[in-house]
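Asks: One structure coming up, written as structure tokens, with questions to follow.
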Amino acid sequence: MAKLKLTGKAIRNIGYPEGPVISIAMNTMERNFKHLSEQEALEILSAILQSPNEYASDPVLGKIAETLIPKPKSGNAEISLNTEGISFSVFGSEGIEPGAMHQMYTAAKLPIAVAGALMPDAHSGYGLPIGGVLATEHAVIPYGVGVDIGCRMCLSVFDVDPKELLGKEHFFTRELNEATLFGSGAQFEMAADHEVMYRKEFDELPLLKSMHGKAWKQLGSSGSGNHFAEFGIVEILQDDQQLGIAPGNYLGFLTHSGSRGLGATVANHYTKIAKEKRKLPGEASNLAWLSLDEAAGQEYWLAMNLAGDYASACHHIIHEKISKQLGRKPIRMVENHHNFAWKETWEGKEVIVHRKGATPAGTNVLGIIPGSMTAPGFIVKGKGVTASVNSASHGAGRKMSRTAALNSVTHHQLNEVLAKHGVKLLGGGLDEAPYAYKDIHQVMAAQKELVDTLGMFHPKIVKMDGAVAKQWRKKNK
């Protein structure tokens, strides 16, 4: 088999900037992934470019990621953290790793911090921990929002007997495969159309203008990692005026994905600017902020909101395809997003609430909190609890890192748990195996004061990306 050979031109064509990172990427891939095809290698490099923080701790790919993560410029005086941080509530503390707690304590000491909370699915991230909620005064933290801006859950409920999932499994599998594309660099040959692509921000902000063509080609795609599209059984447990669906079982279609390369580019670009403007102590450096009074902060706010609307458009395009193939419209859609910042009122004044991997749970706000590829998701209604800053978890939360999952979970174990729960998996890697996640039932029990459960979603046919890089390393140990 021919050895992998990459060119600088091919690496630049997927968006890599000029500089040492080109040769580092080329040498790292050719030395450690020599048996991959050029396309597979470029897919891995594209994934690192979009989410460098996710790969920073990888012993091999981390060399590439570190050159892509924005670094603060020297020269500005370092901003000191407060000695005493703001108080914040922790839900499900017994299941939260110390690293996430430490990150939240650090965020609470920011001079702009007003209020905070930590959700029961929390684990370590960059900047804010995943599952971290932080309200700030007139400032936005790009890494407090996250790289996958506006990552969204979207559930369509159809008045169809869910038994058809078994009787017409081939049909549903085919439609799932055709409804969207997975993979970090995935693009359509024929782009879909949506009003979001005509927004004025694409003309007014140079960064967005440079991304317009690629964003259009990725419109309606689903990315990689823990993103998914799946058919399953919706079980409505109680009558609720807000939800408006009678108790019973229905066919459901659930998707989870975000703003693709557009959001990642926005996050990394404005994080770099924030770090140049505000130098923070080492462990807090990823919490650099932009004031909404300054041009960069205003630009980020516009770009963040556009990326969130773009993520929503991706879901709606996918759901419209499924609806068309089913020949009927959903009787209800339930949506919510995380990795975002909202302007909200806190103790009588306007604040910016960052929810990084946390679901809005204001009074009567509907949402869906997923489990894993075999564990149920929960259709919920927020209670508007002040202690959680009107928030809840965004899922079960990881209990194993991706590397740990690949090193401890076998294909046999994965197939066994899929069979036990009657789930058909299309794609998906060992790093997303159910064993890698916390028990969603325990997570929901830890936040029962934050949300009411109105129904459940039981996954049956699940489509995910194949996690090429991580699977390769498992097979070639």
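The values are calculated or read from the model by the stated rules, or taken from the named source; none is laboratory data. Since we're looking at a predicted model, the values are computed, not measured. Cβ coordinates were reconstructed from backbone atoms using ideal geometry, including for glycine residues, and neighbour counts include every protein chain displayed.
Asks: What tally of residues in segment 326-353 results from selecting those that are more than 26 Å from the chain's Cα centre (by Cα), under 21 Å from Leu290 (Cβ atoms) and not in a strand (DSSP E or B)?
Replies: Count: 0.
Asks: Taking Leu406 as meeting all but one of (1) buried (at least 20 other Cβ atoms within 10 Å of the Cβ); (2) outside any helix (DSSP H, G or I), write down the number of the exception.
Replies: Just one mismatch for Leu406, condition (2).
Asks: Among the residues of segment 374-393, write down those that are among the polar types (S, T, N, Q), in contact (Cβ under 8 Å) with a residue 24 or more places away in the chain and either in a loop (DSSP other than H, G, I, E, B) or surrounded by fewer than 21 Cβ atoms within 10 Å (Cβ to Cβ) (or both). Let's see the steps before the verdict.
Replies: Applying the first criterion (among the polar types (S, T, N, Q)) to segment 374-393 yields 374, 386, 388, 390-391, 393.
Restricting the remaining residues to those that are in contact (Cβ under 8 Å) with a residue 24 or more places away in the chain gives 374, 388, 390-391, 393.
Result: Thr374, Asn390.
Asks: Looking at (1) closer than 18 Å to Gln187 by Cβ; (2) not in a helix (DSSP H, G or I), which one does Phe231 not meet, given that it meets all the others?
Replies: Condition not satisfied by Phe231: (1).
Asks: Name the single residue that is surrounded by the most Cβ atoms within 10 Å (Cβ to Cβ) among those in segment 188-202 being aromatic (Phe, Trp, Tyr) and either in contact with a Lys or Arg (Cβ under 7 Å, 6 or more places away or on another chain) or in a loop (DSSP other than H, G, I, E, B) (or both).
Replies: Filtering first and then ranking leaves Phe202.
Asks: So, Ala115, is that one under 25 Å from Glu347 (Cβ atoms) and assigned to a strand (DSSP E or B) or not?
Replies: Details: under 25 Å from Glu347 (Cβ atoms): yes; assigned to a strand (DSSP E or B): yes.
Criteria met by Ala115.
Asks: Restricting the search to segment 94-112, which residues are modelled with pLDDT under 95, in a loop (DSSP other than H, G, I, E, B) and out of contact with any Ser or Thr (no Cβ under 7 Å at 6 or more places or on another chain)?
Replies: Ile96
Asks: Just checking, how many residues over segment 203-215 are surrounded by fewer than 20 Cβ atoms within 10 Å (Cβ to Cβ) and within 24 Å of Gly183 (Cα to Cα)?
Replies: 6
Asks: Going by the conditions given, is Arg260 on the phi > 0 side of the Ramachandran plot and either buried (at least 16 other Cβ atoms within 10 Å of the Cβ) or among the aliphatic types (A, V, I, L, M) (or both)?
Replies: yes
Asks: Looking for something crowded, with 18+ Cβ neighbours inside 10 Å and farther than 19 Å from Ile141 by Cα - is there at least one such residue anywhere in segment 339-357?
Replies: no
Residues are listed down the side, and each one gets a yes or a no for (1) buried (at least 17 other Cβ atoms within 10 Å of the Cβ); (2) modelled with pLDDT under 90; (3) of a type in the set (S, T, N, Q); (4) farther than 21 Å from Gly183 by Cα:
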site	(1), (2), (3), (4)
Ile22	yes, no, no, yes
Ser37	no, yes, yes, no
Glu43	yes, yes, no, no
Gln50	yes, yes, yes, no
Ile64	yes, no, no, no
Thr67	yes, yes, yes, yes
Gly85	no, no, no, yes
Gly92	yes, no, no, yes
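Asks: Considering only residues that are over 16 Å from the mean Cα position of the chain (by Cα) and under 21 Å from Leu425 (Cβ atoms), which ones fall in segment 364-376?
Replies: Thr374, Ala375, Pro376
Asks: Does Ala396 fit the bill of being in the same structural domain as Val334 (by TED's automatic domain parsing), assigned to a loop (DSSP other than H, G, I, E, B) and on the phi < 0 side of the Ramachandran plot? Walk me through how you get there before you give the answer.
Replies: Values: in the same structural domain as Val334 (by TED's automatic domain parsing): yes; assigned to a loop (DSSP other than H, G, I, E, B): yes; on the phi < 0 side of the Ramachandran plot: yes.
Against the criterion (in the same structural domain as Val334 (by TED's automatic domain parsing), assigned to a loop (DSSP other than H, G, I, E, B) and on the phi < 0 side of the Ramachandran plot), Ala396 qualifies.
Asks: Moving on to the next point. Tell me which residues, restricted to segment 409-434, are in a helix (DSSP H, G or I) and crowded, with 16+ Cβ neighbours inside 10 Å.
Replies: Those that are in a helix (DSSP H, G or I) and crowded, with 16+ Cβ neighbours inside 10 Å: Leu414, Val417, Leu418, Leu430, Asp431, Glu432, Pro434.
Asks: Another question about this same structure. Please go through segment 1-40 and give me each residue that is part of a helix (DSSP H, G or I) and under 23 Å from the mean Cα position of the chain (by Cα), ordered by number.
Replies: Residue satisfying the conditions is Glu40 alone.
Asks: Can you name the number of the only condition in (1) crowded, with 18+ Cβ neighbours inside 10 Å; (2) modelled with pLDDT of 95 or more that Ala295 fails?
Replies: Checking Ala295 against (1) crowded, with 18+ Cβ neighbours inside 10 Å; (2) modelled with pLDDT of 95 or more, the one that fails is (1).
Asks: Is it the case that some residue within segment 271-285 is more than 21 Å from Val353 (Cα to Cα), in contact with a Phe, Trp or Tyr (Cβ under 7 Å, 6 or more places away or on another chain) and at pLDDT 95 or above?
Replies: Within segment 271-285, none of the residues are more than 21 Å from Val353 (Cα to Cα), in contact with a Phe, Trp or Tyr (Cβ under 7 Å, 6 or more places away or on another chain) and at pLDDT 95 or above.
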